[in-house]
Amino acid sequence: MDEKQKLDFLLGAVSPGGFTGYFDQVLAVKSGWRTLLIKAGPGCGKSTMMHRISDALVAAGETVEFIHCSSDPDSLDGVICMNRKFCIVDATAPHTLEPRYPGASEEIISLYDCLDRGKLHDAQSDVVDLFTKCSTLQERAGRYITAAGSLLTDSMRIAGSTANLPAAKAFAGHLALKYFPKNGNGGDEQLRLLSANTADGVLFYADTVKKLADNIIVLQDEFGAVSKTILRTLHDAALARGHNVITCYCPFAPWDKIEHLILPDLSLAFVTGNYFLSQPFEGARTIHCRRFCNKETLAGYRSRLRWNRRAAEELLGQASALQKEAKASHDLLEKHYTSAADFAEIDRITARIIASL
């Protein structure tokens, strides 16, 4: 099996605005696509089902996107196979989805009938308490992430005030002319995340970039203002010149700041490097974004910028600790559902899905 067939992404994470995700994309009407929406409780085998389906696709020679859960990256929230025009996702909270065009575009895979309701009813008090505890801990983690995001945004604005952003935009325009040949009438865009704050700290799927791009350009930018401008300009130019892009936003500004831009058809990627995102890309070209900043003016903010980073790092660490507590509560919750699940029937449902691919 070629590891390049397996691409790791996220479609959502806890952000300063609460849980933010791009799961609605799977409901967009695209000719020929088949979307399966899984409905089930925790610990009912949703992730195992998706792992089995993804393994079958990879064994058949397909390239598959593994959509990980930011609360538990070892667990899957979805599987996408572009070549087969197929995706299957966990359609339960916090990324609840309902079919827009039932049967024509989407199909619900319900595992609720595979549950022993009597067992769960007997454990109702504990189940409710664990759901509540898990939700409360995730909300608290979100508040720490919100605070960290505010500090990082403050640093970005400080750096932006010292930067020649028109020059950065013009530079990006030159990069676009160099790297983006004209190709048709318009490109397609997929939204993803490559990083998130998790129970184990900041996660970054750098290997996915390596698998999709031979030519990697690192925008080294500790504060994000310049890279934000460059990446937005490159994003717009790539789409205008007819190239397909995978746009990966920053989890701390998930609708505002592009963090990475991948053009698989060109085997090209532009990635942001900073204190939280080390870039293990041997042979990559590095563009130091401080070249667009007034270094003397920026130096005047050195103490504040350093304090913001250290405080943000501490806040994210506290968020991770709370996320770890939430996962422990979720693991206990899963035990109730696992003991109540008919896995033989779930295996039969999984086998039918695999046979239909």
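The values are calculated or read from the model by the stated rules, or taken from the named source; none is laboratory data. Predicted model, so just to flag it, every value in this text is computed and none were measured. Heads up, the Cβs are rebuilt from the backbone with ideal geometry, glycines too, and the neighbour counts pull from every protein chain shown. Ligands, DNA and RNA are excluded from the accessible area calculation, which covers all protein heavy atoms including side chains. Shrake-Rupley method; radii C 1.70, N 1.55, O 1.52, S 1.80 Å.
Entry comment: accessible area of the stretch 92-244 is 49 Å² per residue, from protein heavy atoms only and a probe of 1.4 Å. Once all protein chains are placed together, residue 33 keeps about 50 Å² accessible to a 1.4 angstrom probe.
Taking all protein chains together and a 1.4 Å probe, the residues 345, 107 rank 107, 345 from largest to smallest accessible area.
Among DSSP bridges having both ends in the chain, what percentage is antiparallel? Round to the nearest 5. Counting only bridges with both partners in the chain, antiparallel ones make up about 50 percent.
So for the stretch 225-336, considering every pair of alpha-carbon atoms, how many percent are separated by more than 17 Å? Cα-Cα pairs in the stretch 225-336 separated by more than 17 Å: 69 percent. Charge tally around residue 253: other residues with Cβ under 13 Å, Lys/Arg +1 each, Asp/Glu -1 each, net +1. Considering only 156, 82, 49, the Gaussian network model of the chain with Cα springs below 10 Å gives its largest mean-square fluctuation to 82. Summing Lys and Arg as +1 and Asp and Glu as -1 over all other residues whose Cβ lies under 15 Å from the Cβ of residue 16 gives a net charge of 0. Top mean-square fluctuation among 295, 46, 327, Gaussian network model of the chain, C-alpha springs under 10 Å? The residue that fluctuates most here is 295.
Only bridges whose two residues both fall in the stretch 7-111 count here: according to DSSP, what percent of them are antiparallel, nearest 5? Of those bridges, close to 45 percent are antiparallel. Comparing 284, 147, 93 in a Gaussian network model of the chain, where Cα atoms under 10 Å apart are tied by springs, the biggest mean-square fluctuation is seen for 93. The portion of the accessible surface of the chain made up by carbon and sulfur, rounded to a whole percent, is 50 (1.4 Å probe; DNA, RNA and ligands excluded).
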